[in-house]
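I have placed the structure first, in the form of structure tokens, so that the comments after it can refer back to it.
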Amino acid sequence: MRPRRKIEPWLFLLPALAVYIGVVLFPMAGTIGYSFLEWNGIGEKKFIGFDNYVRMFTDKTLRAAFFNNLFFMLVGTAFQMIMGLLMATLLSGIRKGSNIFRVLYFIPCIISSMAICKIFEKLLSVQPRGVISVVMELLNMKPIAFLSEFKYALTCVTLIDGYKFCGLYMVIFYAALMNVPQETVEAAYIDGCSWMQAYFKVKLPAIKNMFFIVLVILVNGCLKGFDVSYILTGGGPGNATELVATYMYKTAFSMSNFGYGSTLAVFILIESLIAVGIVKMIQKKFSD
Amino acid sequence: MKKKLVTILALGTICASMLSVTCGAEERKLTINWLSSRSASEAPIMAIQDIAEQYREENPDLDFTFEIENISDRTAYLQKLKILAASDELPEWYDSDPDTWFADIVKDGKAYSIDDLYSELGMDDRIFTISKEYARLADGSLNLMTLQCNTEYFFYNKEMFEAAGITEVPTTFDELLETCQKLQDSGVIPITMGGDWPILRYFAQVPFRMDANNYIEKAVTGEGSFGTEAGIAGAEFMQNIAQYFQTGWSSADYDTMNDLFASGQAAIMYNGTWALSQADMIGEDGNIKDSIGCFTMPVCSESDVTKPTDFFANSGIGTAVRTDAMDNEMKAWIKYMLEHYAEASLAYDNLPSVMPDEETMNNLPQIYQQIIADVSNVEVYSKCWDVVINSSLVESLEKETVMLALGQETPEEWAANMDEHVKNQL
């Protein structure tokens, strides 16, 4: 039954809409506006048209950050999705103590990024010796300073970021697995399915839609990844762990180039929209 | 009715007379919010807080609020400062280096002239020369009060040197490299490194010897190039010395650098004299510990343009006073602070920017007398690259220098990349 007057839904939406406009749309419009300016935060703002956008195409650091971000997104997404699903699967299989394990798996999500990064910094340190380097020595291996090596630093940052957030996806997948009707699973067992067959052919297809929701959140989050890279390595060594978000932040607030920093923020916005659009297209294809 | 009128008139007269008394009495008020890049435990902060407490007690009629917000992470501090400046919300006092960004702040009229202030307060002759000269901008103006008198040394562990068979401190860069090799052969970490700016100091030393400050001043303005003879020599030295830093140095922070030296794991640490207490180098007698020595910037060769007595000397990050916050009460407080600062600072083992009286100077521990003598002998101060270079270029310089030191770039590639960064920025 349709409401006679259509004003009430809008009135209910108004507070949330006002917050959304004030906190999201308005700053977004401001950022887009700043991207056409040259401004160091103190002097006059100078309109420079599309110069900042043209600069993006010749910016070597941005190129490096973009490819780093792609790697971060692909590896981070795969790692967090697989770990989240694995932990949820293990949890769904136990009755006693599942609450404790759920809390333990979720703890990294609620610990601050600074604390996580400092813990891993000490763990991975070679001089002074950290736990990992001691273990490597015990295994007769030469300790590696993972955060200072060009070929390992980005992988380390990606996995540490994944470790921090995989608990969140564990909770989402766990809730989804718990909502799979028990009768369907029991019917599969009665029909002669093994545990593996029931898992892959009954449970996972039942939570198919959740995969795409998690994928959207993961892809979006990874493209905007910032805190672990910034705190742990500052984007270094060199540009090895520089992500687009860390580069944007440094450009705006360290280099006092708010115009070009805003341009990079717009780049991240467009990049995220394209990535989510691609995920939606894939989802539609799977649904068809 | 008549009674009501009389009552109202009487009440009105009493109120008016009370108002006139309160308005007529001058209210003394001074509010200072200080955004500081120093940690709360640093000597200058503790000294000034003590002085503020004393000032409050001696001025009971003054409504004196003195709040300090400490952000000891320099990167985070600078980011907050720049955001406040962009939104025109700078506090009454704020810390800054005399870099190009601060020069823009001064041009915008947001920092009071400290030259004028010192003259007005009659403190001009009581400030150490380096504490004034370091904080001057390129145009010669002084808009920062400085709180320290520092120089920079290579601090070394005497026992580790002895164990490695090193009997004399190095005086040339070649000798420094040989010393490091001997230390490495003896099984210790030759040099500890960490944070953003220390690596730039190593880089700056060879060009400073070969071309004084001309090299960096010309290179960053585009008038010169990073790839001159001095620059390439500096880059080559950088690649050679970096192999003696501890493993994983590029991700180590400043505190790790200090800790490695203080805990006896590394033999040499290049740092400023502000680190004497940070890295536990001061003994119970207030002097540098017997197990620790120091030597100054080595020389290249006889053709150096700077003397062996010329090296890095500075006065730490300065403190600016917002122009519109400078009134008579502020001046009175600053005068009081400067007059008491030397004594208060020395109580925390910190060499102040204000000269102590003669008797105190003569009774200072030997290390501080050496620092004052070394600073006084400097004719050409080596400029700190992270201070004189535009903030956007510092980020690129630090990155490229790490890549060079890790062997990812040749000196020529480093120089070409830096020249390109300068060109893009101009």
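Taking every alpha-carbon pair in the protein assembly as shown and binning the separations at 20 Å intervals from zero gives 14, 41, 30, 12, 3, 0 percent.
Across A:Phe12, A:Phe71, A:Phe150, mean-square fluctuation computed from a Gaussian network of chain A (C-alpha pairs under 10 Å connected) peaks at A:Phe12. The H on the amide N of B:Ala320, modeled in the peptide plane, is under 5 Å from the matching H of B:Tyr94, B:Asp95, B:Ser96, B:Met145, each at least 5 residues off or on a different chain. Computed over the Cα atoms of chain A, pair by distinct pair, the Kirkwood hydrodynamic radius stands at 22.2 angstrom. If you run the Gaussian network model on chain A, springs between alpha carbon atoms under 10 Å, then out of A:Ile231, A:Ile21, A:Ile119 the most flexible one is A:Ile21. Label separation (B:Glu379 vs B:Ser301): 2.1 nm, computed from points 7 Å beyond Cα along the C-beta direction.
So between B:Asn328 and B:Glu413, what do we pick up on full extension, going 0.36 nm a residue minus the alpha carbon distance?
So the extension gain works out to 25.1 nm.
Footprinting exposure proxy ranking of B:Leu117, A:Leu147, fewest other C-beta atoms within 10 angstrom first, gives B:Leu117, A:Leu147. Of the options B:Met337, A:Ile48, A:Ile160, report the single residue whose Cα projects farthest towards the positive end of the charge dipole of the protein assembly as shown (beta-carbon charges: Lys, Arg +1; Asp, Glu -1). So the residue we want is A:Ile160. Modelled spin-label separation between A:Lys60 and B:Ser225, with each label point placed 7 Å from Cα along the Cα-to-Cβ direction: 1.5 nm. A Förster distance of 51 Å, applied to the separation of the beta-carbon atoms of B:Lys289 and B:Glu217, puts the FRET efficiency at 0.85.
Axis angle, to the nearest 10 degrees, between helix B:173-185 and the longest C-alpha principal axis of chain B: 80 degrees.
Calculate the FRET efficiency for A:Glu44 and B:Ser113 from the Cβ-Cβ distance with a Förster distance of 22 Å, rounded to the nearest 0.05. The formula returns an efficiency of 0.40 here. Residues A:Cys109, B:Cys149 in ascending order of nearby Cβ atoms (within 10 Å, fewest first): A:Cys109, B:Cys149. Looking at chain B as a GNM with Cα springs under 10 Å, which of B:Lys158, B:Lys82, B:Lys107 has the largest mean-square fluctuation? Taking springs between Cα atoms under 10 Å, the residue moving most is B:Lys107. Here the range A:64-94 is scanned for amide nitrogen atoms under 19 Å from the site 7 Å beyond the Cα of A:Leu273 along Cα-to-Cβ, giving none.
For the range B:409-421, putting each phi into the Karplus relation 6.51 cos²θ - 1.76 cosθ + 1.60 with θ = phi - 60° gives couplings of 9, 8, x, 5, 5, 4, 4, 5, 5, 5, 4, 5, 4 Hz, in residue order, rounded to whole numbers and with x for Gly and Pro.
Close amide H partners of B:Asn314, meaning residues 5 or more places away or on another chain with modelled amide H under 5 Å apart, are B:Asn150, B:Thr151.
Quick one: plug the Kirkwood hydrodynamic radius of the range B:253-302 (C-alpha pairs) into Stokes-Einstein at 4 °C, 1.567 mPa s, and report D in µm²/s.
Taking Rh from Cα pairs, D becomes 108 µm²/s.
For chain B, the dipole from Cβ point charges (+1 on Lys and Arg, -1 on Asp and Glu) about the Cα centre works out to 1580 debye, to the nearest 20. Each residue, A:Ile282 and B:Met355, gets one label point 7 Å from its Cα in the Cβ direction; the gap between the two is 7.3 nm.
Can you figure out the FRET efficiency of A:Glu137 with B:Glu159, using R₀ = 30 Å and their beta-carbon distance, to the nearest 0.05? Working from the Cβ atoms, E equals 0.75.
Where in chain A are the DSSP H helices whose C-alpha atoms run 24 Å or more along the long axis and whose mean Kyte hydropathy is at least 0.5? Helices passing the filter in chain A: A:60-92, A:150-178, A:258-287.
Just so you know, all these numbers are worked out from the coordinates, no wet-lab data involved. All of these numbers come straight from a predicted model, not from anything done at the bench. Using ideal geometry, Cβ is built from the backbone for each residue, glycine included, and neighbour counts are taken over all protein chains shown.
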